[in-house]
Amino acid sequence: MATEYSEIDIAPLIDHALLNPTATPDQLEKCCQEAERFQFASVCIYPVYVKRAAELLHGKVPKVCTVIGFPAGATTPATKLYEAQEAVENGATELDVVIHLGGLKVGKTEEMYREIAEISEETGQTIKVILETALLTDAEKQIAAEICMDAGAQFLKTSTGWFGGATVADVQLLKEVTKGSIGIKASGGIRTIEQAFDLVIAGATRLGTSRGPDLLRQRDKLMDEKQ
């Protein structure tokens with residue numbers, strides 16, 4: 001397993017998250033600085049900070065990702081669309097959109113499809129749909145995944161982190177359903193480098209975490225111990 005770990009370059013897979021409700025402008029600046037320093041894939045932040053993050057990261061590697069309908073997904077489709085469009089106008093190029101879980105639970109699949117398809121078509125940006133897998137059955141995860149793929153999503157994201165975290169089993173299930181046709185973002189509760197590596201090996205192509213710098217320190221320590 002150590003050999004497999006050594007072949008994984010974690011940093012470019014990390015969406016560096018700052019989704020604490022008490023996040024401050026100073027913390028945003030630190031988040032962006034860390035993302036640039038470590039060459040993370042993106043910063044994942046609240047919409048209120050998108051414009052400033054876009055200024056701080058202009059011309060740099062990390063993208064600006066924000067959350068839509070976060071964390072419950074229970075706002076109306078029109079509200080989510082407006083939130084997404086405003087975020088893009090402010091500089092976001094990736095949108096992590098929470099599905100309406102209650103609608104999925106009662107079979108309102110056409111509404112779910114239209115919501116994701118409209119956001120995808122109207123913004124033209126990368127859409128990562130948050131399924132909140134801890135609250136779904138395996139059958140519901142599969143249905144949601146298929147709908148989101150059909151609706152034009154580029155990634156399926158396991159969790160907001162508010163109701164449970166990413167698991168290897170969920171990533172494997174999503175990989176089986178998607179067959180590699182779109183990305184998989186494992187998010188929530190990723191605290192150790194071993195967890196991160198195992199999720200990538202299972203099929204994750206992005207990792208959502210606020211612990212990116214710490215994971216890299218853990219990686220360096222682990223690799224030093226293996227030499």
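Values in this text are rule-based calculations from the coordinates and carry no lab data. Everything quoted here is computed from the prediction, not taken from an experiment. When we count neighbours, we look across all protein chains shown, and the Cβ atoms used for this are built from the backbone with ideal geometry, even at glycine.
Overview of results
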{"quantity": "Segments classed as strands (runs of 3 or more DSSP E), wholly inside the range 49-155, with at least 1 members that are surrounded by 23 or more Cβ atoms within 10 Å (Cβ to Cβ) and touching a Leu at 6+ places or on another chain (Cβ under 8 Å)", "calculated": "63-68, 126-130"}
{"quantity": "Only one of 191, 211, 219, 206 that is surrounded by fewer than 16 Cβ atoms within 10 Å (Cβ to Cβ) and out of contact with any Pro (no Cβ under 6 Å at 6 or more places or on another chain)", "calculated": "191"}
{"quantity": "Residue satisfying all of: in the range 10-35; touching a residue at least 24 places away in the same chain (Cβ under 8 Å), in a helix (DSSP H, G or I) and surrounded by 14 or more Cβ atoms within 10 Å (Cβ to Cβ); nearest to the chain's Cα centre (by Cα) among these", "calculated": "13"}
{"quantity": "The range 87-104: number of residues that are β-branched (Val, Ile, Thr) and touching a residue at least 60 places away in the same chain (Cβ under 8 Å)", "calculated": "1"}
{"quantity": "Filter result (basic (Lys, Arg) and either touching a residue at least 60 places away in the same chain (Cβ under 8 Å) or in contact with a strand residue (DSSP E or B) (Cβ under 6 Å, 6 or more places away or on another chain) (or both)) within the range 176-227", "calculated": "185, 206, 219, 226"}
{"quantity": "Residue in the range 157-165 that is of a type in the set (Phe, Trp, Tyr), under 19 Å from residue 14 (Cα atoms) and either part of a loop (DSSP other than H, G, I, E, B) or within 13 Å of the chain's Cα centre (by Cα) (or both) present", "calculated": "yes"}
